[in-house]
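> Quick one: this structure, given as structure tokens, is what I'll be asking you about.
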Amino acid sequence: MGAKVNGKMVTIGTKLNTGDVCEILTRKNIKPNIKWLEYATTAQTRSKIRKYLREHYKTQLL
């Protein structure tokens, strides 16, 4: 997983400037992990990541 900004590869945590063109690179089998919470900038995003992690780990414990 990564990103391209203005055609150049950058890390996912790179800050964008006005006018930057951003392309998010993904893979089909990637699942959220706890490290994603460091990059999430909104409360809604953090909440959805935590919800997935709770449900995922709960099913693993059963």
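> Counting just the residues of the range 10-33 that are β-branched (Val, Ile, Thr) and modelled with pLDDT of 90 or more, which one comes out nearest to GLU55 (Cα to Cα)? Explain how you work it out, then say what you get.
The initial filter retains those residues of the range 10-33 that are β-branched (Val, Ile, Thr), namely 10-12, 14, 18, 21, 24, 26, 30.
Right, trim to modelled with pLDDT of 90 or more and you get 10, 18, 21.
Working: VAL10: 31, THR18: 37, VAL21: 34 Å.
Residue satisfying both the conditions and the ranking: VAL10.
> Under 7 Å by Cβ, and 6 or more places apart or on different chains, what pairs join a residue from the range 33-50 that is charged (D, E, K, R) with one that is part of a loop (DSSP other than H, G, I, E, B) and surrounded by 11 or more Cβ atoms within 10 Å (Cβ to Cβ)?
From the range 33-50, the pairs are ARG46/ALA40.
> Only residues in the range 13-26 that are closer than 24 Å to LEU37 by Cβ count as the first member; pair them with residues that are outside any loop (DSSP other than H, G, I, E, B) and among the basic types (Lys, Arg), Cβ under 9 angstrom, at least 6 apart or cross-chain, and list the lot.
Cβ pairs passing all conditions: CYS22/LYS4; GLU23/LYS4; ILE24/LYS4; LEU25/LYS4.
> Let me ask something else about it. Taking the residues in the range 29-62 that are more than 21 Å from LEU16 (Cβ to Cβ) and of a type in the set (Phe, Trp, Tyr) as candidates, determine which candidate is surrounded by the fewest Cβ atoms within 10 Å (Cβ to Cβ).
Looking at the filtered set, the residue picked out is TYR57.
The values are calculated or read from the model by the stated rules, or taken from the named source; none is laboratory data. A quick note: this is a predicted structure, and the numbers were derived from the prediction, not measured. Methodologically, a virtual Cβ is constructed for each residue, glycine included, from the backbone with ideal geometry; neighbour enumeration extends over all protein chains shown.
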